[in-house]
1. Note the full-extension length gain between Phe159 and Ala10 as 0.36 nm times their separation in residues minus their Cα-Cα distance, in nm to one decimal.
2. Percent relative contact order of the chain, based on C-alpha pairs within less than 8 angstrom and at least six residues apart?
3. Exposure proxy check: Met1, Met41 ranked by fewest other beta carbons within 10 Å?
4. Report the local net charge at Leu27: Lys and Arg +1, Asp and Glu -1, summed over other residues whose C-beta lies under 14 Å from its C-beta.
5. Which of the helices in the chain, when you take each full DSSP H run, stretch at least 18 Å along the axis at their Cα atoms and have an average Kyte-Doolittle score of 1.0 or higher?
6. Could you tell me the distance between the Cα centroids of the range 54-94 and the range 109-143, to the nearest Å?
7. When the label point is put 7 Å from the Cα of Leu148 along its Cα-to-beta-carbon vector, which residues of the range 114-133 have a backbone N closer than 15 Å?
8. If each residue of separation counts as 0.36 nm, what is the full-extension length gain between Gln49 and Ile114 once their alpha-carbon separation is subtracted?
Amino acid sequence: MLAIINAYIAIALRRLGPEDLPASDLLLLATAAAYVFASLMLPLNEGGQRLALLAINLALVCSFTLALLQFAGHPGRYRQTLTALLGTGTLLTFVLLPFQWLLVNQPPGGNAAILGTAGVLTVILWSIVINGHIFARALSAPFGAGLLVSIGYFFLGAFAVATLRPGQP
């Protein structure tokens, strides 16, 4: 287990790629479960929409990754790529927890809110970089191409959440 966590850390530091993970359905399921657990720990102001937002996020990462790899002619890399995305996403979610807590539980305008916002933005930017690295390795493309895909994925995710969120007009 420690070896897998170290592999996710190495991927987040851009030292390894998704191809360095085992192509295992069990690992993918365990990583997805850890991702769901970590995501449910986030203190959000979304009330009952938490599960719907998580479902949108999971559906998007699975379908986007599959479509991207199918289009690029690398469908056999799906399991490892998705495992890497969910594994590093889990790590980043745990890093995000204290910053999100500061934003949700502190009065606006204070130093805690500024620190929380800076932390959240830093984690988001690093997530885009990590996903760019994973996409580049999965596509056998330069990092810049993977980064562009990651930026597109980020905006697609923001659009999907804004559009599909339950209870929104």
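We did not get these values from a lab; they are worked out from the coordinates using the rules stated. Note that the structure is predicted; figures quoted are calculated from it, not measured. So basically every Cβ, Gly included, is an ideal-geometry build from the backbone, and we count neighbours across all protein chains shown.
1. Working: separation 149, 0.36 × 149 = 53.64 nm, distance 3.00 nm.
Contour length minus Cα-Cα distance gives 50.6 nm.
2. Values: 185 pairs, mean separation 47.5, N = 169.
28 percent.
3. Details: Met1 6, Met41 13.
Ranked by crowding around the Cβ, least crowded first: Met1, Met41.
4. Taking every other residue near Leu27 into account, the sum is -2.
5. Working: long enough: 25-41 (24 Å, 1.80); 50-72 (33 Å, 1.88); 78-105 (38 Å, 0.96); 111-139 (42 Å, 1.49); 143-164 (30 Å, 1.91).
Correct list, ordered by number: 25-41, 50-72, 111-139, 143-164.
6. 16 Å
7. 132-133
8. On the way: separation 65, 0.36 × 65 = 23.40 nm, distance 2.56 nm.
Length gained between Gln49 and Ile114: 20.8 nm.
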